[in-house]
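The values are calculated or read from the model by the stated rules, or taken from the named source; none is laboratory data. These figures come from a predicted structure and were not determined experimentally. Backbone-built Cβ (ideal geometry, glycine too); neighbour counts: all protein chains shown. Keep in mind that these areas ignore ligands, DNA and RNA; they rest on the heavy atoms of the full protein, side chains included. Shrake-Rupley method; radii C 1.70, N 1.55, O 1.52, S 1.80 Å.
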Amino acid sequence: MNNTCPPPYGLRGGMEVYVGKIIKVSGPLVVAEGMADAGMADVVKVGAQGLKGEILTMTGDRASIQVYEETAGLGPGAEVATTGMPLSVELGPGLLENIYDGIQRPLHEIRRLAGETIARGIDIPALDRERLWHFVPALKAGDRVYPGDIIGTVRETTAIEHRIMVPLGVEGEIERITEGDYTVAQAVATVKTARGPIELTMMQKWPVRKNRPYRKKFLPDTPMCSGQRVIDTLFPIAKGGTAAVPGPFGSGKTVVQHALAKWSDVDVVVYIGCGERGNEMTDVLMEFPELQDPKTGEPLMKRTVLIANTSDMPVAAREASIYTGITIAEYFRDMGYDVAVIADSTSRWAEALREMSGRLEEMPGEEGYPAYLASRLAQFYERAGCVECLSGPERPRRGTLTAIGAVSPPGGDTSEPVSQATLRIVKVFWGLDAGLARARHFPAINWLNSYSLYTDSLKSWFDANIGESFMISRGKAVAILQQEASLQEIVKLVGQDSLSPADRLTLETAKMIREDFLQQNAFVDVDSYSDYRRQALLLDLILKYDSMSRKALSEGASLSKILKLPVKEKIGRAKTVPADSYVEEYAAMAEEMAAEIKGAGA
């Protein structure tokens, strides 16, 4: 472990690189002169401890640098050396089950070597250079390979097979490829190219600010099943889509994100804690290794990468954590996996942009945020998508990257700049409501101000896989909830007794939809996750109750009798029916309901 500053001279592209001198320190911003040989976005080592930083702007030989570590003690005259490389992440076996900080330093390894605190300037490789991985070739000598082709696999965890890909810029014929145990730095194959033989290792490096390439992008047309009924039925998100989860403090953003990370039908989850409070991040770090993956029965961490950045860490590292996470997610997408990247929260990232912009003395935009705030947010979300991965013409594959960002508007005011800029970009809005959270209604997604723009593109999938009645039932449920909101305004003025029996039935049905369908209990196993078929049958049961009751009312039945039927209470408990018997029990409830409602009208 080397905590010292690099030597005053180095090589970059065959040219000598000189060390500059600090002339100004302002929090995480350092200004150095004598940096004519450095380039924009280069990573630099600052001061005697070699603090990692990144060049933001260049004016002549003067560089403005954001430092990703605490700058206390730095002063004018300290040396700054450029590495000649952009901020990059290491990609290869060993990413899964790992916990990194914002600049991809492995926290478990840091704790083992340096104790409970992260020493400044500590520099540890992101991937273990000593661990052996068993490489199994997928191709043989003589095969022609192109960038992105999978040359072999490594069983990284019991849940995920790591696929070793040909890096960008390498095309040719395999000369040698051998099964065996290797470290990530050892060559597993040799490719004969036009430039001569190139040895391939299991590790790649990729600049975090550069999108990983793909062959083609498609319109997302397959839903990402989260098991949360309010999301999957009312406001679905497509695999490869984008969503925002805004809400005030205590409204359950973390609850929703944990549910998405645990239950979503994706292969890999990248969870980014971006500037969140230490206790919330600690909960994630403690809970995720203990959570059981419902698909495999193994710990959830077997298919998860955690990026841990807390509010007491230097603000500049927040921006790095967002890019680190999305780049790792793109890497797994390129293997052909379905990946979800969950960022908590993009508001903290925006605060870091605002602070750095202020220290750079840039012209501020609305509420002090930089004028390029919306552009930076768009650059993050546009890296999501359903793509045809880069590969040879004979080996096509698809992968998806779904981006879900939490937004933490002050006081829950979604009219502030970060929320508004996000809403103009994403296609799904899950608006959290503090009132619902206080009423213990989880997920606390407000059905009146949330929306999904994927319903049209997903309709054909729902029609083919769930049945055409599913989207019709969804439309009816949304309409009933909207009617309830209108009727509640009348109730506030003149009371519920003034409503007609049909309107009172609407209020009762809406209450059943809210409490018996949308509300879920994460601590009850059978209710914490609901597949599409169960969602469709449960909603259909409630809507049948509504339609049969309306017919009975029109034939002169008493509303009070209908509301007191025993089957109504059974419907309220229907979501806790065991998973292996709900189909039969729901069918029995429907028959019982028809008989009781008919009897009420007699």
More than 22 angstrom apart: percent of Cα pairs within region 453-530: 44 percent
Whole-percent carbon and sulfur share, accessible surface of region 207-266, 1.4 Å: 58 percent
Where the chain is the region considered: accessible area per residue in Å², 1.4 Å probe: 42 Å²
Extent along principal axes [Cα atoms of region 97-198; Å; largest to smallest]: 51, 32, 19
Within the accessible area of region 74-202 (1.4 Å probe), percent carbon and sulfur: 49 percent
Per-pair calculated FRET efficiency, R0 = 35 Å: GLU468 and THR576 via Cβ, rounded to 0.05: 0.80
Only Lys, Arg (+1) and Asp, Glu (-1) charged, at Cβ; the chain dipole about Cα centre in debye: 680 debye
Alpha carbon Rg of region 370-458, scaled by the compact-globule rule 2.2 N^0.38 Å: 1.39
Binned Cα-Cα distances of the chain, short to long, each 10 Å bin given as a whole percent: 3, 15, 23, 23, 17, 10, 6, 3, 1, 0
Paired Rg and Dmax values of region 545-602, which use every Cα atom, in angstrom: 12.1, 39
Between region 272-314 and region 579-597, the Cα center-to-center distance that results, in Å: 40 Å
Potential extension, LYS21-ALA138 segment - 0.36 nm per residue separation minus Cα distance: 37.1 nm
Loop GluC sites (Glu not before Pro), region 380-451, which have at most 14 other Cβ atoms in a 10 Å radius of their Cβ (DSSP): GLU382, GLU394
Percent carbon-and-sulfur accessible area, region 302-380, ignoring ligands, DNA and RNA, probe 1.4 Å: 47 percent
Cα convex hull of region 484-602, projected area averaged across orientations, nm²: 7.8 nm²
Inter-label distance, nm, simple model (7 Å from Cα along the C-beta direction), GLU173/VAL494: 8.8 nm
